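Colleague: I'd like to ask you about the structure that follows.
The values are calculated or read from the model by the stated rules, or taken from the named source; none is laboratory data. As the structure is a prediction and not an experimental result, all values here were calculated from the model. FYI the Cβ positions are ideal-geometry reconstructions off the backbone, even for glycines, and counts take in every protein chain you see. In case anyone asks, the SASA skips ligands and DNA or RNA and just uses the protein heavy atoms, side chains included. Shrake-Rupley method; radii C 1.70, N 1.55, O 1.52, S 1.80 Å.
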Protein chains: 2
Amino acid sequence: MRSRVTRAAVLLLPLLAAAAGARAEDGYELWLRYRPVSDPALLKSYRAAIAGLAVEGSTPTLQAAREEAVRGLRGLLGTEVPLVTAATRHGLLVAGTPSRSALVAGADVGEDLGRTGREGYVIRSTRVGGKRATVIAANADIGVLYGVFHFLRLVQTHQPIEALSITEAPRARLRVLNHWDNLNRTVERGYAGFSLWDWHKLPDYLDPRYTDYARANASIGINGTVLTNVNANATSLLPEYLAKAAALAGVFRPYGIRVYLTARFSAPIEIGGLKTADPLDPEVAAWWRRKADEIYGVIPDFGGFLVKANSEGQPGPQDYGRTHAEGANILADAVAPHGGVVMWRAFVYSNEVPEDRAKQAYNEFKPLDGKFRPNVLVQVKNGPVDFQPREPFHPLFGAMPKTPLMMEFQVTQEYLGFATHLVYLAPLFEEVLRADTHARGEGSTVAKVIDGTLHGHELTGLAGVANVGTDRNWCGSAFACANWYAFGRLAWNHELTSAGIADEWARMTFTNDASLVRPVTEMMLGSREAAVDYMTPLGLHHLMAEGHHHGPGPWVSEARRADWTSVYYHRADAQGIGFDRTTTGSRAAGQYFPPVADVFGRLDKVPEKYLLWFHHVGWDHRMASGLTLWEELVRRYYGGVEAVRRMRATWKSLEGRVDPERYEQVRAFLAIQEKEARGWRDACVLYFQTFSGKPIPEAYERPEHDLAYYMAVTKRYVPGI
Amino acid sequence: MRSRVTRAAVLLLPLLAAAAGARAEDGYELWLRYRPVSDPALLKSYRAAIAGLAVEGSTPTLQAAREEAVRGLRGLLGTEVPLVTAATRHGLLVAGTPSRSALVAGADVGEDLGRTGREGYVIRSTRVGGKRATVIAANADIGVLYGVFHFLRLVQTHQPIEALSITEAPRARLRVLNHWDNLNRTVERGYAGFSLWDWHKLPDYLDPRYTDYARANASIGINGTVLTNVNANATSLLPEYLAKAAALAGVFRPYGIRVYLTARFSAPIEIGGLKTADPLDPEVAAWWRRKADEIYGVIPDFGGFLVKANSEGQPGPQDYGRTHAEGANILADAVAPHGGVVMWRAFVYSNEVPEDRAKQAYNEFKPLDGKFRPNVLVQVKNGPVDFQPREPFHPLFGAMPKTPLMMEFQVTQEYLGFATHLVYLAPLFEEVLRADTHARGEGSTVAKVIDGTLHGHELTGLAGVANVGTDRNWCGSAFACANWYAFGRLAWNHELTSAGIADEWARMTFTNDASLVRPVTEMMLGSREAAVDYMTPLGLHHLMAEGHHHGPGPWVSEARRADWTSVYYHRADAQGIGFDRTTTGSRAAGQYFPPVADVFGRLDKVPEKYLLWFHHVGWDHRMASGLTLWEELVRRYYGGVEAVRRMRATWKSLEGRVDPERYEQVRAFLAIQEKEARGWRDACVLYFQTFSGKPIPEAYERPEHDLAYYMAVTKRYVPGI
């Protein structure tokens, strides 16, 4: 009897896992949702191919790899895969490094390992000791962990695993999340609750969630995390806070994730007791060296500093008449003996608004090319303004050949609807990475600038401003997590496609059932363009309400500075609309390399998606569609809302095929998205109509309210400020 | 084959539930943790006694009762109890009201129902249609839900259910949580993350957690929730925020929970456009009436207002030379037509510090007795200062016979170690409720004041300042949840004991295994006295650091006002220590009824636990122990730390018998508690030693640091401010 029950238990394990899942489908598991393979034939073949598991070695990282493999296979195969130490049967999964695992050493994958570097790996269907096996091999432990996650992903997405021959290595060295998290646990531009870091209870209590955060990051290859806000607080460099950061570093270390901190440039004054933070002052340099030594004393693998200086009120070297390079170098010298780096942000614009804001970072940084220490990366936002729904790529890409440029993407949706709008950002990331700078002729893509191949840099990286918080589902909504996922996947390999990433994410997050995967990925892939259309079509930008950036504010004309208004950017008048950045205007187009500058700068060549970014265009200008600019603008705004309505209908058609909790949240959020998209549309169309004086074509539904209504809307206690 | 698997599935259900639990033992389920009954014989008897379930009726509350019964029985019995509509077999569980359920109507419990009122219930082992059944009967739907929770609790705690004859009715009408939650989601004195209310996404998205919050409250009889902070924000009375509150009210309504809001007294100016908030101004009265009408328009069962006025900077009627009664009455008149109440806080003290702060609420309110409208309750903190680890009961209890006095307990541990100290508060609540005011002779306990029996009030209530937040385990730690639980249970029935409540909570939260229940409840029952000893023994009070109230600050002597310092309260000098509140001092003892005043006021009669609250006592004063006051004080401080060390040892002995996640968190928190208890002890003993000039007896370990060290400790970003 006992054995029969045991056997039944084995048969029931998938059911059991499913039941457990049903109980807790709150999104916490993210894409690491190891549900039983639903196709019986496929399950049988997987079970045959993975009948034993050998992950040799006892380092923390190899332990993590083994635990993940056990956890993943238990969930996916609904059975306990026995741990083995010898190749006594067919169907082994062997993972390890040749130096620590005799099984791996005997598997003849050495040649491929020559191409994987420290973090890469090989996954190969081969033979070990004469038995059929799948080998996950790497040069270092972290590669083994990455390889295990890759293999589990194959099973999760129902891929064939009989004839694997995979060689992977990351295309960028630093793949880093930037947390704009404050020490009081608020998160600037965070829409998923509050900061994961419970500073008050650190270092004494280590929330298990820190480990799950590390697992999620490692599963997509993210290898660094900047714990603190770029609007920095020197307190985070005090010994008591370093002890807290060190505790987090201890949790993250087995997962290959280094901790970084933001450095407040005036820290030598604020917590060091010095009278100056002048980077050329020897005492200041000595203070930073001592502070770096102190940090490395408690966090031996500390990654380095991220710095926002002389930007939006932050202190910096210019306070002392020094350059950004002089500022960055003093910190770089402090961390260099320990192997650390400095990520120095190029997001600067002058307090005096002397010049088109889109031009200022280029003007400031290009002349400094070659003046930075080798361990400095200049971190550049994807576009020249500020994470708008659509911007042309930043003109600095390609323009600083002697300096490693690091990409800064915003994963959190500051300007893209917070967590309640379904906006899949991979197409935005992809559009920027694929853009051709022409810096060294055709094919000089932004991706090649970033991955170091264009100008021969070894030190490379991408940063994503994180969208995770204390919300149970991490990112505020299920779909927002796709942006975290996509950032990590693209940082690892910028040649992946938005569609491919969406497909694997949807399979892992929901189900492999094509009748769900297809509509869900369609929603995702169209969503960014929809947001552009209902917020800022045709190259419009920076039309949002002031301060919290939530909702429309094209009429914003008074702010502390002109380039914080909307009218500064859209420049609508009776004649037309758009920012003339050609030779008759701010000449920002001229910052790009010649063929690009020519395309952007000429009204007959500029892609319509960038039209109003670069040109002031008459309302009656004829568009490719044959419509006038006004008609096309209206069509876009209405089309954006229609796209959201289609997403709602698509989602509704999936009711019953997604668990109720996640279904209902997405349903409610899409309703919010439609309401707010309509608000954007109506507010912008009505406002721009006051300039164009033209009617909304009869075919369209009328705005719900008049312009005065939208202008009077007040948003209170908007999160993320 | 199929049927064998199915049968195995039934056998495995407990296992399945256990596995699901093992995966998610993060405390989210609180005490509603329906794990399979572990004793096979008991399980068998329960299954026989509950072979069918009938909860007739389709109102939202009855649906909630049915769902809870199904969920609870499925978990506890590991089987699906069939829903039935007729008494065709023995072993039915029947729940309902006689008016909606023929089965209940036929069960002959009508006589008992005469004593249960609207919220009470009867649980009776009886016969229905000739078959053995357990009947849960109530006059109203909410009583049915309460009864179901009671019955489930019996099974959860492994009680016999064969011969039940239970008649329950709450001892107080309003059993309310006060959330000191701000609209930006910070929680004043909250140590469990941030506010549960996601105002930004309300009313569009209803987090499933709101329902679980309601379930938890209903399970312990809490029937009201004040959503907003007593330090109030008029914004919460704007239409857009009322719509959000209404959405929450909609979720809570089926669970018998009414929503209340805090009313900022100056709201008529701030959001009403009036020039004054003078309660005697007819326009102000009209504004509040219109506002109340508006609220009831969207929340028909709105409970009413909680008001903190003329206290710690809050606006109030005294700004216009009016009394608290005049202020309260204007609000009371506004809500009276709708059946609402006003809970007007007595926690006031003058800005000018004219008088012992412990006396001021009494002086202010006692003369107003009889001047309040019948729908006003004056809400009085348990003690006369401010939620200290120990205070004598508030002298207002018994002193306002014509006014319903509502108890205000603090469930959140502002002065009792935040969420990281294990301090079970039921003994504190119990101590206050059992205290004898002697207002109408011996036996005039505080409980009888509160439950209305002493002075014949129908309108009665208890409020608990909530300790719940976004932390996954609701209260920051497992044990902090016991305080939420205990508050609810005592608010329902103040005759329950701390020990009994701890026992049932531990069984439901962890296990019925006596080898765990016994040590856990021992820890709990000793914990409050331990905290008193390591923080403020022998009647000391208000020794904490300023502002955030975290950690010791007996030396605090400079603050915006004298009664925010510590020296104001302990008055240590070379002669002795303590606040003389006798006839030679502030005469606060004289505010109590004669026999109590006499006890408190005489050095030879005062219980030592209140000694330094009422008396300034010489260092060499001989204590009951035979030790001098100094020696006794030192002994208490050291004893408090020793008690924490014993708790740590006890918990360690339970390793492996609690799931790893909860075990580890409690382990880490107890380590924090010991560290901080030592900090309190060393800081206080060293500081008071500067006055006593006496040594710490040889037998004790030396303080870890010198006094200067403790005085220099700076706490940064302490939560809950």
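Colleague: Determine the dipole magnitude for region B:557-666: charges of +1 sit on the beta-carbon of Lys and Arg, -1 on that of Asp and Glu, nothing else is charged, the reference point is the Cα centre, and the result goes in debye to the nearest 20.
Modeller: With only Lys, Arg, Asp and Glu charged at Cβ, the dipole is about 140 debye.
Colleague: Can you list the residues of region B:584-619 with backbone N under 15 Å from a point 7 Å past the Cα of B:Asp573, pointing along Cα to Cβ?
Modeller: Of the residues in region B:584-619, B:584-586, B:615-619 have backbone N under 15 Å from the label point off B:Asp573.
Colleague: Just from its helices, what would the mean residue ellipticity at 222 nm be for the protein assembly as shown, if runs of 4 or more DSSP H residues each count -39500 (n - 2.57) and the sum is divided by every residue, rounded to the nearest 500 deg cm²/dmol?
Modeller: -12500 deg cm²/dmol
Colleague: Related question: Suppose every K and R has +1 on its Cβ and every D and E has -1 on its Cβ; what is the size of the dipole of the protein assembly as shown about the Cα centre, in Debye to the nearest 20?
Modeller: Here the size comes out at about 3580 debye.
Colleague: Using a simple charge model, +1 on the beta-carbon of Lys and Arg, -1 on the beta-carbon of Asp and Glu, nothing else, what dipole does region A:484-525 show about its Cα centre, in debye to the nearest 20?
Modeller: 60
Colleague: Okay, next question. Under the convention of a label 7 Å out along Cα→Cβ, give the distances in nm from B:Lys371 to the same position in every other copy, shortest first.
Modeller: The projected label point of B:Lys371 is separated from its counterparts by 7.3 nm.
Colleague: Right, here's the next one. Just need the relative contact order of region A:216-325 here, percent rounded to a whole number, with Cα pairs under 8 Å and 6+ apart.
Modeller: The normalised contact order for region A:216-325 reaches 29 percent.
Colleague: Moving on to the next point. With a 1.4 Å probe and all protein chains left in place, how much accessible area per residue does region A:409-528 have, in Å²?
Modeller: The answer is 25 Å² per residue.
Colleague: Which of the trypsin sites (Lys or Arg not before Pro) across region A:563-661 are loop residues per DSSP, with 15 or fewer other Cβ within 10 Å?
Modeller: Answer in residue order: A:Arg602, A:Lys605, A:Arg657.
Colleague: Something else now. Could you pull out the trypsin sites (Lys or Arg not before Pro) across region B:211-293 that fall in loop regions by DSSP (anything but H, G, I, E, B) with no more than 15 other Cβ atoms inside 10 Å?
Modeller: For trypsin sites (Lys or Arg not before Pro) across region B:211-293 that sit outside H, G, I, E and B with at most 15 neighbouring Cβ atoms in 10 Å, the list reads B:Lys275.
Colleague: What translational D, rounded to a whole number of µm²/s, comes out for region B:644-686 from Stokes-Einstein when the hydrodynamic radius is the Kirkwood one over Cα pairs, at 4 °C and 1.567 mPa s?
Modeller: Approximately 117 µm²/s, per Stokes-Einstein.
Colleague: Now for a separate question. What are the residues of region B:157-198 that lose 50 Å² or more of accessible area, with a 1.4 Å probe, going from their chain alone to all protein chains?
Modeller: For region B:157-198, once contacts with the other chains are taken into account, B:Phe194 lose 50 Å² or more.
Colleague: Could I ask something else about it? Between the helical axis of A:514-535 and the dominant principal axis of chain A, each derived from Cα atoms, what acute angle in degrees is found, rounded to the nearest 10?
Modeller: 20
Colleague: Could I get the Rg over Rh figure for region B:43-157? Both from C-alpha atoms, Rh via Kirkwood, rounded to two places.
Modeller: 0.93
Colleague: Express the accessible area of region A:570-627 per residue in Å², computed with a 1.4 Å probe while the remaining protein chains stay in the model.
Modeller: The answer is 45 Å² per residue.
Colleague: Okay, moving on. Kindly state, to the nearest 0.05, the FRET efficiency for B:Leu603 paired with B:Ile721, given R0 = 56 Å and r defined as their beta-carbon distance.
Modeller: 0.90
Colleague: A follow-up question, please. Highest first, please rank the peptides B:154-160, B:522-528 by the mean number of other Cβ atoms sitting within 10 Å of their residues.
Modeller: B:522-528, B:154-160
Colleague: Continuing with this model, one more query. In Å², what does the accessible area per residue of region A:196-247 work out to with a 1.4 Å probe?
Modeller: About 20 Å² of surface per residue is accessible.
Colleague: Then there's this: Would you mind telling me the share, in percent, of accessible area of region A:380-424 contributed by carbon and sulfur at probe 1.4 angstrom?
Modeller: Here it works out to 51 percent.
Colleague: Hey, another quick one. What do you get for the angle between helix A:478-492 and the principal long axis of chain A? Use alpha-carbon atoms, 0 to 90 degrees, nearest ten.
Modeller: 80
Colleague: I need the P(r) histogram for region B:347-453: all alpha carbon pairs, bin width 5 Å from 0 out to the longest distance, whole percents.
Modeller: Each 5 Å bin holds this share of Cα pairs: 2, 12, 21, 22, 19, 13, 7, 2, 0.
Colleague: Could you work out how far the C-alpha centroid of region A:133-190 sits from that of region B:123-186, in angstrom?
Modeller: So the two Cα centres are separated by 50 Å.
Colleague: Taking 51 Å as R0, compute the FRET efficiency from the Cβ-Cβ separation of A:Ala41 and B:Ala649 and round it to 0.05.
Modeller: Efficiency computed from Cβ-Cβ geometry: 0.35.
Colleague: Starting from region A:634-721, pick out the GluC sites (Glu not before Pro) whose DSSP state is loop and whose Cβ has at most 14 other Cβ atoms within 10 Å.
Modeller: Hits after loop and neighbour filter: A:Glu698, A:Glu701, A:Glu704.
Colleague: B:Val298 versus A:Met711, label points 7 Å from Cα toward the beta carbon: distance in nm?
Modeller: Distance between the two pseudo-spin positions: 2.6 nm.
Colleague: Just the number, please: percent antiparallel of the DSSP beta bridges in region B:66-208, rounded to the nearest 5.
Modeller: 70
Colleague: By how many degrees, 0 to 90 and rounded to 10, does the Cα axis of helix A:2-23 deviate from the longest principal axis of chain A?
Modeller: Rounded to the nearest ten degrees, it is 10.
Colleague: May I ask for the Rg/Rh ratio of the protein assembly as shown, computed from Cα atoms with Rh as the Kirkwood radius, given to two decimals?
Modeller: Rounded to two decimals, Rg over Rh is 0.97.
Colleague: Restricting to chain A, what percent of DSSP beta bridges are antiparallel, rounded to 5?
Modeller: That works out to approximately 30 percent antiparallel.
Colleague: Where the centroid of each part is defined by its Cα atoms, how far is region A:673-721 from region B:52-68 in Å?
Modeller: 46
Colleague: Using only the alpha-carbon atoms of region B:483-611 as identical scatterers, what base-10 log of I(q)/I(0) does the Debye formula give at q = 0.12, 0.21 Å⁻¹?
Modeller: -0.70, -1.15
Colleague: Something else now. Given a 1.4 angstrom probe, I'd like the percentage of the accessible area of region B:492-592 that is carbon and sulfur, rounded to a whole number.
Modeller: Here carbon and sulfur together make up 49 percent of the probe-accessible area.
Colleague: Answer with one residue from B:Thr628, B:Phe669, B:Val599: the one whose Cα lies farthest towards the positive end of the charge dipole of region B:593-690, charges on Cβ with Lys, Arg +1 and Asp, Glu -1.
Modeller: The residue sitting most towards the positive pole is B:Phe669.
Colleague: Leaving ligands, DNA and RNA out of it, work out the accessible area of A:Tyr717 with a 1.4 Å probe and give it in Å² to the nearest 10.
Modeller: 90
Colleague: Now for a different question. Distance check, please: which entries in B:Lys381/B:Lys694; B:Lys201/B:Lys652; B:Lys291/B:Lys448; B:Lys381/B:Lys652; A:Lys609/A:Lys675 exceed 32 angstrom between their Cα atoms?
Modeller: Distance filter (> 32 Å) returns B:Lys381/B:Lys694; B:Lys201/B:Lys652; B:Lys291/B:Lys448; B:Lys381/B:Lys652.
Colleague: Other chains near B:711-717: what is the mean number of their Cβ atoms within 10 Å of each residue's Cβ?
Modeller: 3
Colleague: What percentage of the solvent-accessible surface of region B:315-367, computed with a 1.4 Å probe over protein heavy atoms, is contributed by carbon and sulfur atoms?
Modeller: Ligands and nucleic acids excluded, carbon and sulfur reach 45 percent.
Colleague: So if I take the alpha carbon set of chain B, get Rg, then get Rh from the Kirkwood formula, what is the Rg over Rh ratio?
Modeller: 0.98
Colleague: Then there's this: Please sort B:307-314, A:161-168 by packing, taking for each peptide the average over its residues of neighbouring beta carbons within 10 angstrom, highest first.
Modeller: Going by the mean number of other Cβ atoms within 10 Å, highest first, we get B:307-314, A:161-168.
Colleague: Right, something else. Give me the summed buried accessible area for the A-B pair, 1.4 Å probe, to the nearest 100 Å².
Modeller: Summing both chains' loss of accessible area gives about 3900 Å².
Colleague: Roughly what would the spin-label model give for B:Glu698 and B:His338, points 7 Å off Cα along C-beta, in nm?
Modeller: The modelled label-to-label distance comes out at 7.2 nm.
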